[in-house]
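Shown next, in structure tokens, is the structure this report addresses.
The values are calculated or read from the model by the stated rules, or taken from the named source; none is laboratory data. What you are looking at is a predicted structure, and each value in this text was computed from that prediction instead of being measured. In this analysis, Cβ positions are derived from the backbone assuming ideal geometry, glycine residues included, and neighbour counts consider all displayed protein chains. Only protein heavy atoms, including side chains, enter the accessible area calculation; ligands, DNA and RNA are left aside. Shrake-Rupley method; radii C 1.70, N 1.55, O 1.52, S 1.80 Å.
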Amino acid sequence: AQSVSQHNHHVILSEAASLELGCNYSYGGTVNLFWYVQYPGQHLQLLLKYFSGDPLVKGIKGFEAEFIKSKFSFKLRKPSVQWSDTAEYFCAVKANDYKLSFGAGTTVTVRA
Amino acid sequence: GAVVSQHPSRVICKSGTSVKIECRSLDFQATTMFWYRQFPKKSLMLMATSNEGSKATYEQGVEKDKFLINHASLTLSTLTVTSAHPEDSSFYICSARDRENTGELFFGEGSRLTVL
């Protein structure tokens, strides 16, 4: 079974700092990769996804992610965070079926 | 994006009673819906895959008789927690895959179940 590991449980940043969240997965075959965000009191929303092609993908709200196949890694980045980026971030991996496996999530707190 | 709605958003029930949670895709048809359980500070745990017109597929360790899933139409799946106990208290989230889409899931707002 595939597993998804997020390295940081809680990240605290100041506004304008850069954010980087790590995600590693264990599945060896072809995967689709996702980052979801859950703002306080809201639904899970898709930030970005990687299916194929350019390993550097851009998402909404200034987020981007880099897929490094050799390291089974899908790292999320944002160059300059805002207070409104305070949320829970989940990495997810989809293998051959349509089931998504989620990481444990990273709580990001941005201080004004 | 597509909209998935859950109802109720919060429910409190007594131990031993049953609770039904609905998941609706509002502007698309979903042949497949997924039910997740989210524990505090934990990831989402897939409970089952709900397929329209057929039996749900449950993940290992999830009791089929306790968590009844029905996917009667292309826009509605229901999760019934039968004979609920306090340990069933959790946040239940559904998601749906637009059959025109290649993999993105759209999530409901979640339903907070508290069993007294």
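Points to keep in mind about this one:
- Separation in nanometres of the label points that stand 7 Å from Cα toward Cβ, at B:LEU74 and A:LEU56: 4.1 nm
- Evaluating 6.51 cos²θ - 1.76 cosθ + 1.60 at θ = phi - 60° for every residue in the stretch A:81-86, the Karplus couplings come out as 7, 10, 4, 6, 7, 4 Hz, glycine and proline recorded as x.
- About the centre of its Cα atoms, chain B shows a dipole size close to 340 debye [charges on the beta carbon of Lys, Arg (+1) and Asp, Glu (-1) only; nearest 20 debye].
- Shown are A:ASP54, B:ASP65, B:ASP98, whose ranking by accessible area with a 1.4 Å probe and every protein chain present, most to least, is B:ASP65, A:ASP54, B:ASP98.
- Note on the stretch A:1-57 and the stretch B:1-20: Cα centroid distance 28 Å, given to the nearest whole angstrom.
- Computed over chain B, the alpha-carbon pair-distance distribution with 5 angstrom bins reads 2, 13, 24, 26, 20, 10, 4, 1, 0, each value a whole percent.
- Accessible solvent surface per residue of chain B, calculated while the other protein chains remain in place, 1.4 angstrom probe, Å²: 48 Å²
- For the protein assembly as shown, the Cα-based Rg and Dmax, in that order, read 17.7, 53 Å.
- Label-to-label distance for B:HIS7 and B:SER89 is 2.6 nm, based on points extended 7 Å past Cα in the beta-carbon direction.
- Cα-Cα over 27 Å, subset of A:LYS75/B:LYS55; A:LYS99/B:LYS55; A:LYS61/B:LYS42; A:LYS69/B:LYS64: A:LYS75/B:LYS55; A:LYS69/B:LYS64
- Put A:ILE60, A:ILE68 in order of accessible area, highest first, and with a 1.4 Å probe you get A:ILE60, A:ILE68.
- Taken about its Cα centre, the stretch B:45-111 carries a charge dipole of about 180 debye when Lys and Arg each add +1 at the Cβ and Asp and Glu each add -1 at the Cβ.
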